[in-house]
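Below is one structure, written out as structure tokens; the observations come after it.
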Amino acid sequence: MAKIKYRDALRIALTEEMERDPLVFCIGEGIAERGGSFRVTEGLLKRFGPTRVIDTPLAEAGFTGLGAGAAIAGARPVVEILFVDFVMLAMDQIVNQAAKYRFMSGGQGRVPLVIRTQGGAGEALAAQHSQSLEGLFYHVPGLKVVMPSTPYDAKGLLKASIRDDDPVMFIEHKLLYMTEGEVPDEDYVIPLGHADVKRAGTDVTVVTYSLMTLRCLEAADRLAERGISAEIIDLRSLVPMDTDTIIESVRRTHRLVVVHEAVKRGGIGGDIAATVVEQAFDSLAGPIIRVCGKNTPIPYNTSLQRAAVPSVDEIVAGIEASMGASIPVR
Amino acid sequence: MPVETASIAAMYETALTIRRFEQRAIEQYRLGNIRGYLHPYLGEEAVAVGAVAALRPSDYIVSTHRGHGHAIAKGHEPRLMMAELLGKATGYCRGRGGSMHVSSLALRNLGANGVVAGGMPLAVGAAFAIHLRGDSDVVVSFCSDGAAANGALHESFNLAAIYHLPVIFVLENNNYAVSTPIRDTALVENLSERAAGYGMPGVTVDGNDALVVRAAMEKPLQRARAGEGPTLIECKTYRQGGHHVNDPGLYMPKDELERWRARDPVGILRQHLVDAGVAEAEIAQIDQRIEVLMDEAVQFAIDSPEPAVADFLAEISAA
Ligand SMILES: Cc1ncc(C[n+]2csc(CCOP(=O)(O)OP(=O)(O)O)c2C)c(N)n1
Ligand SMILES: [Mg+2]
């Protein structure tokens with residue numbers, strides 16, 4: 001088992017899947033010659049050639065639709081869209097075409113398409129390069145949504161996504177590419193729809209995903225020093241969502257905090273809270289707390305950006321509030 | 001019958017099948033058996049018939065909201081199409097799709113589309129899959145003039161061109177996008193001029209003569225199968241009626257409509273048959289066959305079961 005970076009784990013997953021299946025191909029802006037903005041696809045052109053590793057013009061709708069059409073016709077495309085912000089240019093192809101194709105065709109057609117993209121606030125990239133837009137895809141029937149937080153999960157989930165017969169939005173976080181973790185050499189897949197308990201705990205259930213998993217773990221460390229045991233559940237895939245693991249945990253801890261970087265309004269946290277109220281209302285010993293991004297575009301200024309997305313301090317405060325402490329949460 | 005005469009006869013039969021299918025569909029609409037949007041292909045039959053006549057069964061088509069003609073030309077059975085239009089469980093899409101989403105993967109029709117130009121990137125993708133597999137099939141991507149100003153068309157043209165993909169873009173210029181005439185939304189005389197901007201060949205042909213359309217496919221098909229890339233064929237044609245079944249089309253000048261009716265695509269094919277020496281009686285037999293087929297199609301659709309709600313709910317709960 002080697003310690004490798006998130007971006008390398010993604011590259012290994014792509015390489016293994018392309019070796020396994022000649023119908024897997026990668027297409028996107030600057031992914032071939034340059035190896036991608038985050039170097040995830042570095043070396044793939046050399047290894048697999050220009051028919052399977054393809055640079056595109058800046059035509060997000062066109063090449064995303066190309067991926068969908070190729071998937072319908074039997075290939076397994078991995079389309080890379082530079083930033084989730086730019087996925088907005090391809091929304092018709094994703095929402096009206098790829099997501100609905102299987103259904104509209106009465107089940108005749110499948111769309112084994114993966115759209116790899118990355119989101120989140122990073123190094124002062126401002127409002128059009130920092131968004132967390134997973135809620136948009138989460139809302140559309142027919143799409144799966146995967147957001148790994150570790151190199152291990154990134155590899156196993158990307159492989160599962162490529163093998164999946166439905167369109168998958170695979171959203172990486174720009175601050176995770178350089179993070180490291182243990183990744184076994186062997187060929188493993190992590191089935192979609194299985195959350196991972198990243199830290200077991202007894203006092204409060206914290207449900208999160210992507211970069212915020214790391215912040216929640218840090219918050220849990222701090223709270224442990226004060227005798228509070230937080231269970232951190234990393235959803236890993238939002239659709240399908242492993243609600244069983246959430247409910248089981250809440251039944252034990254009686255408390256729930258949901259943490260995500262995406263804005264609170266209309267966010268996935270609200271949906272998770274509602275599900276828990278529907279299915280485990282009688283287990284709750286206190287209010288469900290959501291610690292989420294503020295309802296604002298991401299500002300350029302570093303201090304302002306920091307204020308816009310959940311910090312470890314805010315997560316700690318949120319968990320304390322769920323425990324009945326008197327610390328207010330916005 | 002000589003081979004060419006037989007082929008014209010087959011094209012005539014397909015064109016008339018489309019004509020009669022649309023007329024029966026309109027009847028079913030008026031009876032309330034078909035609901036929603038229904039966009040008849042009346043007057044444009046020669047485009048689908050001519051374009052698809054040049055294809056092999058393994059070639060793909062990608063259709064539009066005005067898609068019944070494309071589907072019938074590609075070999076869809078009228079009864080299974082009519083059933084889909086009536087929303088029945090026996091339809092091509094088991095009643096989930098309806099008129100705007102008819103498809104048959106088995107017949108390699110990737111489907112009609114409710115979004116103007118929305119299917120064009122899919123066509124380019126299907127062509128990419130062909131290229132990846134090293135096959136020699138082609139994809140015909142249908143659109144009309146309304147798509148000519150949409151970004152998806154332009155991105156599709158460019159992607160197909162730069163990757164030398166086997167796509168033939170067949171643009172049915174029927175002069176209207178709903179009520180908006182093309183002269184208001186494009187400043188070129190022929191929309192085929194758009195091709196030059198992408199480094200692909202573009203031609204404009206008479207879209208009301210199926211033999212002309214079929215002939216226009218020849219070079220583009222060779223080019224596509226040889227891996228040399230896409231071609232744009234603009235077929236000038238006309239919608240003999242409103243945009244959809246409930247649009248009386250009052251904005252269409254009477255004399256314009258009459259001019260195009262005088263060049264009716266089904267009539268032109270019939271004349272080709274007569275010119276080839278086929279007897280009236282033989283043509284009448286074709287006409288007769290189609291009437292029977294249509295009666296059967298409508299009856300089959302009406303008699304078919306509705307999709308079961310329980311099946312639907314079971315399917316979606318698994319997703
Ligand atoms: C992107 C998009 N915009 C608007 C519509 C509404 N609409 C449906 S058909 C149509 C006209 C399309 O005209 P054209 O492309 O020329 O096709 P035709 O109806 O002539 O076959 C419009 C505007 C749509 N379906 N999709
Ligand atoms: Mg038109």
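What the phi angles of segment A:156-162 give under the Karplus curve with 6.51, -1.76 and 1.60, with θ = phi - 60°, is a coupling list of x, 6, 5, 5, 5, 5, 5 Hz, glycine and proline written as x.
Restricted to Cα atoms, segment A:2-183 shows a radius of gyration and a Dmax of 15.1, 46 angstrom. Using C-alpha pairs under 8 Å with a sequence gap of at least 6, the mean separation divided by the residue count of segment B:3-318 gives a relative contact order of 24 percent. Karplus-derived 3J(HN,Hα) values for segment A:115-122, using 6.51 cos²θ - 1.76 cosθ + 1.60 with θ = phi - 60°, are 10, 8, 8, 9, x, x, 7, x Hz; glycine and proline are entered as x.
When only the Cβ of Lys, Arg, Asp and Glu is charged (+1, +1, -1, -1), the dipole of chain A relative to its Cα centre reaches about 360 debye. Each residue of segment B:129-144 is assigned a 3J(HN,Hα), and the resulting list reads 4, 4, 4, 5, 7, x, 7, 10, 6, 10, 10, 9, 9, 8, 7, 10 Hz, derived from the Karplus form 6.51 cos²θ - 1.76 cosθ + 1.60 (θ = phi - 60°), x at Gly and Pro.
Classify segment A:97-237: rounded, prolate or oblate, from the alpha-carbon gyration tensor (a ≥ b ≥ c, eigenvalue square roots; a/c under 1.5 rounded; otherwise prolate if a/b is larger than b/c)? Since a/c reaches 1.5 and a/b is larger than b/c, the shape of segment A:97-237 is classed as prolate.
Across chain A, the relative contact order, built from alpha-carbon pairs under 8 Å that are at least six residues apart, equals 16 percent. For the residue pairs B:74/B:219; A:100/A:159; A:100/B:254; A:46/A:155; B:219/B:254, alpha carbon separations beyond 29 Å are given by A:100/B:254; B:219/B:254. The tail of the calculated P(r) for the protein assembly as shown, taken as Cα-Cα distances beyond 47 Å, holds 25 percent of the pairs.
Farthest toward the positive end of the dipole of segment A:2-183, out of A:84, A:124, A:50, is the Cα of A:50, where the dipole comes from beta carbon charges about the Cα centre. For residue B:44, the residues whose modelled amide H falls within less than 5 Å of its own, excluding neighbours fewer than 5 places apart on the same chain, are B:240. Close amide H partners of residue A:256, meaning residues 5 or more places away or on another chain with modelled amide H under 5 Å apart, are A:205, A:289. Note on chain B: helix-only mean residue ellipticity at 222 nm, from DSSP H runs of 4+ residues weighted -39500 (n - 2.57) and normalised by residue number, equals -14500 deg cm²/dmol.
For residue A:144, a cut-off of 12 angstrom between C-alpha atoms picks up these aspartates and glutamates, skipping any fewer than 8 places away in its own chain: A:134, A:164, A:165, A:166. Starting from the Cα gyration tensor of chain A, take the square roots of the eigenvalues, sort them a ≥ b ≥ c, and report rounded, prolate or oblate (rounded when a/c is under 1.5, otherwise prolate if a/b is larger than b/c, else oblate). Since a/c reaches 1.5 and a/b is larger than b/c, the shape of chain A is classed as prolate. Overall, the anisotropy analysis places segment A:36-88 in the oblate class: the square-rooted eigenvalues a ≥ b ≥ c of its C-alpha gyration tensor yield a/c not less than 1.5, with a/b not exceeding b/c.
Here the dipole of segment A:196-323 is about 340 debye; that uses its Cα centre as origin and unit charges on the Cβ of Lys and Arg (positive) and Asp and Glu (negative).
Solvent exposure of the protein assembly as shown, expressed per residue, is 38 Å² of accessible area, with all protein chains present and a 1.4 angstrom probe.
Amide H contacts of residue B:109: B:61, B:104, each under 5 Å away and 5 or more positions distant or on a separate chain (H built 1.01 Å from N in the peptide plane; Pro and chain starts excluded).
Remark: the residue B:254-residue B:6 segment gains 85.7 nm on full extension, using 0.36 nm per residue and subtracting the alpha carbon distance.
Mean projected area of the convex hull spanned by the Cα atoms of segment A:180-330, taken over all viewing directions: 10.0 nm².
The values are calculated or read from the model by the stated rules, or taken from the named source; none is laboratory data. Everything numeric in this text was worked out from a predicted model, so none of it was measured. Glycine gets a Cβ as well: all are built from the backbone with ideal geometry, and neighbour counts include every protein chain shown. Accessible surface is based on the protein model in full, side chains and every heavy atom, while ligands, DNA and RNA are left aside. Shrake-Rupley method; radii C 1.70, N 1.55, O 1.52, S 1.80 Å.
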